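These notes concern the structure reproduced below.
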Number of protein chains: 2
Amino acid sequence: MKLAVIGAGAVGRSVVELAGEHGHEVVAVADSSTAVVADGADGRGGDAVGVDPDAVVARKAERGIVGDDDPEDALAADYDVLVEATPTTLGDAEPGFSHVTTALERDRHAVLANKGPVAERFGDLRAAVDDSDGDIRFEATVGGAIPAVSTVEDIEPGHVTAVRGVLNGTANFILTRMAAEGLDYDHVLAEAQDLGVAEADPSFDVDGTDAALKCVILANVLSFGAVDDPADAREFTLDDADVSGIRDVPGSALRLAAEDGQTVRLIGEATGETVRVAPRLVPENGTLAVSGTQNIVQIETSHAGRLNISGRGAGGPETASAVLGDVGRLE
Amino acid sequence: MKLAVIGAGAVGRSVVELAGEHGHEVVAVADSSTAVVADGADGRGGDAVGVDPDAVVARKAERGIVGDDDPEDALAADYDVLVEATPTTLGDAEPGFSHVTTALERDRHAVLANKGPVAERFGDLRAAVDDSDGDIRFEATVGGAIPAVSTVEDIEPGHVTAVRGVLNGTANFILTRMAAEGLDYDHVLAEAQDLGVAEADPSFDVDGTDAALKCVILANVLSFGAVDDPADAREFTLDDADVSGIRDVPGSALRLAAEDGQTVRLIGEATGETVRVAPRLVPENGTLAVSGTQNIVQIETSHAGRLNISGRGAGGPETASAVLGDVGRLE
């Protein structure tokens, strides 16, 4: 498949680097202000040979640009699948939302790593897909390398009663270190920032917003998947989520929990009716008590009991792996 | 999709009972000597309305038959997907193998819960698929409700370096109970048989054959998935597996292991080169030490680290869930 990769952050760059290994060709790449479009994909004739992945990534690293073209040229290029990997934005979820609808209006597919459109405008996305020959997939928006969305799809959302888990590696790393070392939140946050596990402004992760967006996406999948007519589905957005983060978890809570063989994890849960994210007591050696930056998704099913899937929830190559898995499913 | 369900054991009956919930219709069911074919699917005209699932299951329970037709009538019926759920046989994997090729020769699809053809004649199956407009899927042959095969497919076999896990619930139940209660193998085997977790002749499970067949299937998926030309792939059969079971694991081994925070599990591992099943020491609280009849599949990937998927590895509804997931993927 020919890919237009919109977004040249860690995920976009990893998709550019790994696409070839999966048998796909990158014909266009865009960051927020520049683009590169391969000859042949630019509508001016010629054979499409794809961009040079290493050159594009190097150019971005050295000069901060991906090419001399304009992002509009990437959106207009001759691609099969548009990969939306720009930063998550809330509310109107722009510009990511319009990147996706542009692809669908051209009867192309879109694969999202950007949570914004899927969490905040699921109904609008569904309508755009219904009017298009193209389709969307968004495995990479939930749990990185963990195949959460496709597993729920295969079991069928009508047969999934709940999905819960540890969905943010930054918060989980902090809680794991607090428990392991008996340290307070501020101390461990500083350590996490030094390691690059937490951002300079960590709120998106530690306040539970990132985990909540993922749960909102899962709730939308469950809700829309359980009905035949999208008009009958309840649509979720971040506003519907009941969210508490980890800033106020004191070290003493973890020490007390440990005396009872328990610990604390930031757990997100989605059903077709509710979305909740909060720190919760879990058994210390239990399935939900994954360590460090690991994520786990626990799927409750009607006929097949509980499935647990754990793995790396974030990272360029991990998320790119999920994106390229989705591209493969669209072939 | 219209399904012909060949095999009326626990899995076949569960598929018959659950197909309607997934939006599919059962048009024929066969056991080893009888069949029922719905009006309209029998080639004599009329609208296909599907068999009555409850009636078929009741008839099998009360009279030991599914209907007054002949199994050949089910194979000849007008179906979209043949579900092969007859007992696993080794070597030539008949009659299951021929059920599948009959469907493919008619350009229909086949979904297998029967491990025999996939473990013992993978190359022949691939050739039959290549000559057909139909396709095969076999998620239900490995790990019951756990989406092992489709997850490996989505990551792409060329990017999976190994798959390992606890793949037999009977053996795992026995080892879990031996460790928990300090009892010997014979005692716990008797308990397992009373509970219906182990068969009267438990060898298939406790000797590691069942786990080995699942690993052989995974090795075939990895091997054939890593090359473009099937002629270049190494084909695995049960003979290629290096297999040790749990009959000779003494209670003392588990007690010694526990002193070190470890326990024993029957672990199967497949790469594109080797298949091994043996009892192994694993950390007591570690990921591989699932309890009771649970299964776990651990997938090592090139770019996305390790994925762990645990859940119910067996059971009528659980396995039927995997079969119906495969039917959905064929639509």
Relative contact order of chain A, defined on C-alpha pairs under 8 angstrom at six or more residues apart (%): 19 percent
Distances in nm from residue A:72 to the matching label points in the other copies, shortest first (labels 7 Å along Cα to Cβ): 7.0
Please compute one quarter of the surface area of the Cα convex hull for the protein assembly as shown and express it in square nanometres. 30.5 nm²
Would you kindly work out, in nm and rounded to one decimal, the distances from the label point of residue B:331 to those of the same position in each other copy, ordered shortest first, with label points 7 Å along Cα-to-Cβ? 2.3
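What FRET efficiency, computed as 1/(1 + (r/R0)^6) with R0 = 56 Å and r the Cβ-Cβ distance, is obtained for residue A:201 and residue B:258, rounded to the nearest 0.05? The partial results should precede the final answer.
On the way: r = 47 Å, r/R0 = 0.83.
Rounded to the nearest 0.05, the efficiency is 0.75.
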Need one number: nm distance between label points at residue A:180 and residue A:33, each 7 Å from Cα along Cα→Cβ, rounded to one decimal. 4.1 nm
Using a 1.4 Å probe on the protein heavy atoms, what percent of the accessible area of the stretch B:148-313 belongs to carbon and sulfur? 43 percent
Can you list, shortest first and in nm, the gaps between the label point of residue B:259 and those of its counterparts in the other copies, using a point 7 Å from Cα in the C-beta direction? 3.3
What helices does chain B have that are whole DSSP H segments, at least 18 Å long along their own axis by Cα, and with mean Kyte-Doolittle hydropathy of -1.0 or more? B:209-225, B:316-330
Over the Cα atoms of chain B, each weighted equally, I'd like the Debye log10 I(q)/I(0) at q = 0.08, 0.09, 0.13 Å⁻¹, rounded to two decimals. -0.38, -0.47, -0.94
Say R0 is 25 Å: what FRET efficiency, to the nearest 0.05, do residue B:126 and residue B:300 get from their beta-carbon distance? 0.55
By average C-beta atoms within 10 angstrom, highest first, the peptides A:269-282, B:101-114, A:179-192, B:142-155: B:142-155, B:101-114, A:269-282, A:179-192
Volume per residue (Å³) of the convex hull spanned by the alpha carbons of the stretch A:151-260 is 129 Å³
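Can you tell me how the stretch A:1-81 classifies by the Cα gyration tensor, rounded, prolate or oblate, using a/c under 1.5 as the rounded cut? It would help to have the intermediate numbers written out before the result.
On the way: a/c = 1.65, a/b = 1.16, b/c = 1.42.
The shape class here is oblate.
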Value at 222 nm in deg cm²/dmol, rounded to 500, when DSSP H runs of n ≥ 4 in chain A each add -39,500 (n - 2.57): -11000 deg cm²/dmol
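Percent antiparallel among DSSP beta bridges with both residues in chain B, to the nearest 5?
The answer is about 65 percent antiparallel.
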Name the residue, out of A:157, A:202, A:117, whose mean-square fluctuation peaks in a Gaussian network model built on chain A with Cα pairs under 10 Å. A:202
Estimated distance in nm for a label pair at residue B:226 and residue B:248, the labels positioned 7 Å out from Cα along Cα-to-Cβ: 3.0 nm
What aspartates and glutamates sit close enough to residue B:115 to cross-link, taking a C-alpha to C-alpha distance under 13 Å and skipping anything fewer than 8 places away on the same chain? B:84, B:92, B:94, B:139, B:210
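When DSSP assigns beta bridges and you keep just the ones with both residues in the protein assembly as shown, what percent turn out antiparallel, to the nearest 5?
Numbers: 61 of 95 bridges.
Looking only at bridges with both residues in the protein assembly as shown, the antiparallel portion is about 65 percent.
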In debye to the nearest 20, how big a dipole does the protein assembly as shown give about its Cα centre with +1 on each Lys and Arg Cβ and -1 on each Asp and Glu Cβ? 1940 debye
Given a 10 angstrom Cα cut-off, can you work out which residue in B:194, B:205, B:80 is the most mobile in a GNM of chain B? B:194
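The values are calculated or read from the model by the stated rules, or taken from the named source; none is laboratory data. Keep in mind that what you see is a predicted model, and the values were worked out from it rather than measured. Positions of Cβ are generated from backbone atoms using ideal geometry, with glycine treated the same way; all protein chains shown enter the neighbour counts. Protein only, heavy atoms only, side chains kept; ligands, DNA and RNA dropped before computing areas. Shrake-Rupley method; radii C 1.70, N 1.55, O 1.52, S 1.80 Å.
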